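Undergrad: I am attaching a structure below and will ask some questions about it afterwards.
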Amino acid sequence: MTYEIRDPIHGFIVIGEIERDIINHTEFQRLRRIRQLGFTDMVYPGAMHTRFEHSLGVMHVATKMFEHIIHRRPDYLKDELGFTDSDLERDKRTVRLAALLHDIGHAPFSHATEELMSFDEKTKKVYKHENYSAAIVRYRFGEFINSNPQLTGMGINADYIADFLDGSTELGKSLLWRNLIAGQLDADRADYLLRDSHHIGVAYGHYDLNRILHTLSVATDGDTSSPQVVVMESGRHAAEALILARYMMFTQVYFQHTRRVYDHHIARSIKTLLKQKTGSADTIKNGKFPPPTEECIQEYLDWDDSKVMGLVKGGDAGEHGRILLTRKHYRKVFETPERPEQSDLEDLEMAKQKLSGFTIIVDKAENSWYKYDASDIRIISENYGNTDKLAPLSFLSPVVKGLSAVNQTRLYVPPEKKDDAKRLLMSMNK
């Protein structure tokens, strides 16, 4: 039996019994209480959408991507890569479930609080929400997934889906499909650009999704001898448009100066709240979320936007909690260009010295909107047939090639200090 969910971006999203049961799961319903864009509604009032609807959209788009690729190159998948019909049926189901669950590990207010995640001693890096997503699949959905005969009969268990989210090489040839939810042209970006634009009320994130879907294919990369999801030459400009849409959404929306400073206020508020709590994880007393272990995952899942705002309203989140309630956020008094030169960096250091007597927030963007490496989107010409002669998008597109990283830095001070700070900084130009 199937069900339809009305969606403002994709029309109707069709789900089956298994997906419906997962959506009804407590941990998935938590995504209704995790905003997609943190406190972006302080600048764009319509930005109240959540990770819940986005996750449904990613599943929908990933499924469409998978189906179009299967339709375009069934012989290559079966004869060259060794996929059987049952393999493809299993992987389609896996792609749908992994896409549906890919964001289930987000912390309150999404990316705004990722800096508060625990440190992984093995990798020597801070955990990411993807690590929490994989852990939640293993430890909270394991019983449901592993006891479902429809899934186990296809060779799917909780570890298999978690490995998909982690990008484990244990997946073998099926690792190919991870590109659909974790690549430079994936269903995640394909959905959030359109969805964020819709709710915010801007056109920056618009691009031709249908053209991308109809020109997706799969081919062997001659450099790595590995199969890749690629785009036909006729879809090159649509892929180019998606990359440009992501760049424009960052510069015009995601890195908007007021929106960004609220990320700092949220993170500092939650850090204060975490330090007041007790739990089995030592990280909590240091203002960090508990690690994604079986023992600590429930403590992590207990945190959502509603819990945070209840504690903020109760006055437990300190100065930055009061800022969230009163909207008296820190004000921008200095910023470098998006691509600063040496003289701009010298001005930044001088501004910091001038403001040394103030409480300041330093916000720095270090975002490259395209990776010129092995993950570069590959374009295959329709004229090449099955010879799989691929070219990187950055080689074919001077527009994409010209997209350099945004390395802008901004300085903020409390609102009552804004005028004093401005006067001090004016002397830099004399």
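Undergrad: Do you know which residues across the range 343-360 are touching a residue at least 40 places away in the same chain (Cβ under 8 Å) and in a helix (DSSP H, G or I)? I'd like the intermediate steps shown before the answer.
TA: Applying the first criterion (touching a residue at least 40 places away in the same chain (Cβ under 8 Å)) to the range 343-360 yields 347-348, 350-352, 354-355, 358-360.
Within the range 343-360, D347, L348, M350, A351, K352, K354 meet the criteria.
Undergrad: Let me ask you something else. Give me the residue from the range 132-174 that is surrounded by fewer than 17 Cβ atoms within 10 Å (Cβ to Cβ) and within 21 Å of the chain's Cα centre (by Cα) and, out of that set, farthest from E115 (Cα to Cα).
TA: Ranking the qualifying residues of the range 132-174, first place goes to S168.
Undergrad: Output the qualifying pairs, or none if there are none: Cβ atoms under 7 angstrom, residues six or more apart or on different chains, first residue in the range 20-35 and part of a strand (DSSP E or B), second residue surrounded by 15 or more Cβ atoms within 10 Å (Cβ to Cβ).
TA: Close Cβ pairs satisfying both conditions: R35/T50; R35/F109; R35/S110; R35/D305.
Undergrad: Being in a helix (DSSP H, G or I) and of a type in the set (A, V, I, L, M) is the filter here; which residues of the range 1-19 pass it?
TA: I18, the sole residue that qualifies.
Undergrad: State which residue is modelled with the lowest pLDDT when the search covers only the range 249-304 and only residues that are in contact with a Lys or Arg (Cβ under 6 Å, 6 or more places away or on another chain) and surrounded by 18 or more Cβ atoms within 10 Å (Cβ to Cβ).
TA: By that ranking, first place goes to I284.
Undergrad: Let me ask something additional. Report every pair of residues separated by at least 6 positions or lying on different chains whose Cβ atoms are under 8 Å apart, first residue within the range 300-329 and closer than 18 Å to Q29 by Cβ, second among the polar types (S, T, N, Q) and at pLDDT 95 or above.
TA: V308/S269
Undergrad: What number goes with the only condition from (1) assigned to a helix (DSSP H, G or I); (2) within 18 Å of K422 (Cα to Cα) that K307 does not pass?
TA: Among (1) assigned to a helix (DSSP H, G or I); (2) within 18 Å of K422 (Cα to Cα), the lone unmet condition for K307 is (2).
Undergrad: Still on this structure: Show me the helices (runs of 4 or more DSSP H) entirely contained within the range 157-257 in which 3 or more residues are more than 30 Å from Q408 (Cβ to Cβ).
TA: Values: elements: 158-166, 187-200, 209-214, 236-249.
Fully inside the range 157-257 and qualifying: 158-166, 209-214.
Undergrad: Based on what the data block shows, is T50 in contact with a helix residue (DSSP H, G or I) (Cβ under 7 Å, 6 or more places away or on another chain), within 24 Å of L185 (Cα to Cα) and either of a type in the set (S, T, Y) or surrounded by fewer than 20 Cβ atoms within 10 Å (Cβ to Cβ) (or both)?
TA: Numbers: in contact with a helix residue (DSSP H, G or I) (Cβ under 7 Å, 6 or more places away or on another chain): yes; within 24 Å of L185 (Cα to Cα): yes; either of a type in the set (S, T, Y) or surrounded by fewer than 20 Cβ atoms within 10 Å (Cβ to Cβ) (or both): yes.
When the stated conditions are applied, T50 passes them.
Undergrad: Moving to a separate point now. Quick check on the range 368-411: of everything there that is assigned to a strand (DSSP E or B) and more than 15 Å from V231 (Cβ to Cβ), which residue is modelled with the lowest pLDDT?
TA: Filtering the range 368-411 for residues assigned to a strand (DSSP E or B) gives 378-380, 390-392, 406, 409-411.
Filter again for more than 15 Å from V231 (Cβ to Cβ), leaving 406, 409-411.
Values: V406: 87, T409: 96, R410: 97, L411: 98.
Taking the candidates together, the pick is V406.
Undergrad: Do we have any residue at all in the range 284-293 that's hydrophobic (A, V, I, L, M, F, W, C) and within 25 Å of the chain's Cα centre (by Cα)? Explain how you work it out, then say what you get.
TA: Taking the range 284-293 as the starting set, the residues that turn out to be hydrophobic (A, V, I, L, M, F, W, C) are 284, 289.
Remaining after also requiring within 25 Å of the chain's Cα centre (by Cα): 284, 289.
Looking through the range 284-293, at least one residue is hydrophobic (A, V, I, L, M, F, W, C) and within 25 Å of the chain's Cα centre (by Cα).
Undergrad: Right, here's the next one. Of the numbered conditions (1) outside any strand (DSSP E or B); (2) at pLDDT 95 or above, K332 fails exactly one; give the number of that condition.
TA: It is condition (1) that K332 fails.
Undergrad: Shifting gears a bit: Quick check: anything in the range 198-213 of a type in the set (S, T, N, Q), touching a residue at least 40 places away in the same chain (Cβ under 8 Å) and surrounded by fewer than 16 Cβ atoms within 10 Å (Cβ to Cβ)?
TA: no
Undergrad: Exactly one condition in (1) touching a Ser or Thr at 6+ places or on another chain (Cβ under 8 Å); (2) under 20 Å from F109 (Cα atoms); (3) of a type in the set (A, V, I, L, M) is not met by A374; state its number.
TA: A374 satisfies every listed condition except (2).
Undergrad: State the number of residues belonging to the range 13-25 that are closer than 19 Å to T50 by Cβ and of a type outside the set (S, T, N, Q).
TA: 7
The values are calculated or read from the model by the stated rules, or taken from the named source; none is laboratory data. Quick caveat: nothing in here was measured; it's all calculated off a predicted structure. Ideal geometry is used to build each Cβ from the backbone, glycine not excepted, and the neighbour counts take in all protein chains shown.
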